[in-house]
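Comments concern the structure below.
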Amino acid sequence: QVPLVESGGGLVQAGGSLRLSCAASESIGRISTVRWYRQPPGKQREFVALVTSGSTTTYADSVKGRFTISRDNAENTVYLQMNSLKPEDTAVYLCHAIANGRTYWGQGTQVTVSS
């Protein structure tokens with residue numbers, strides 16, 4: 001089983017919205033702190049947002065007020081709601097999770113925002 005699976009990426013016009021999902025398989029157990037990162041084309045990976053097991057959230061300045069991270073503990077899934085998307089949000093979005101003391105990365109999902 002793949003430990004983490006991201007979904008929800010796609011092509012959207014500037015000003016539009018997407019919701020990304022990061023679903024953890026049962027094989028890794030309950031996820032605690034989960035982070036979303038993104039890697040724009042030709043650039044380094046950067047932090048986007050995190051949510052702790054207690055649902056405390058933190059955001060990068062570039063996405064504050066536009067993105068919302070949330071979790072569904074029953075589904076062992078974390079979401080990233082992205083509104084008011086800009087072309088500079090174009091990137092591969094990756095999910096990073098901690099479960100039972102181990103860290104896991106998803107395979108990434110492409111988000112492309114056209115102007």
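List the GluC sites (Glu not before Pro) within the stretch 1-76 that fall in a DSSP loop (any state other than H, G, I, E or B) and whose Cβ has at most 13 other Cβ atoms within 10 Å.
Taking the stretch 1-76 and a limit of 13 other Cβ atoms within 10 Å, the loop GluC sites (Glu not before Pro) found are Glu75.
Between the stretch 1-48 and the stretch 73-113, what is the separation of their alpha carbon centroids in Å?
Value for the Cα centre distance between the two parts: 2 Å.
Applying the Karplus parametrisation 6.51 cos²θ - 1.76 cosθ + 1.60 with θ = phi - 60° to the phi angles of the stretch 9-26, what ³J(HN,Hα) value in whole Hz is obtained for each residue in order, glycine and proline being reported as x?
x, x, 9, 9, 7, 3, x, x, 9, 9, 10, 8, 10, 10, 9, 9, 6, 4
Provide the descending list of Cα extents for the chain along its principal axes, expressed in whole angstroms.
41, 26, 23
Tell me the carbon and sulfur percent of the accessible area for the stretch 24-99, rounded to whole percent, probe radius 1.4 Å.
45
Counting heavy atoms of the protein chains only and a 1.4 Å probe, report the per residue accessible area for the chain as a whole number of Å².
Per-residue accessible area for the chain comes out at 52 Å².
Counting pairs of alpha carbon atoms under 8 Å apart in space and at least six apart in sequence, what relative contact order in percent does the chain give?
Relative contact order of the chain: 37 percent.
The values are calculated or read from the model by the stated rules, or taken from the named source; none is laboratory data. Model, not experiment: these values are computed from the prediction. Glycine also receives a Cβ, built like all others from the backbone with ideal geometry; neighbour counts cover every protein chain displayed. Heavy atoms of the whole protein, side chains included, go into the accessibility calculation; ligands, DNA and RNA do not. Shrake-Rupley method; radii C 1.70, N 1.55, O 1.52, S 1.80 Å.
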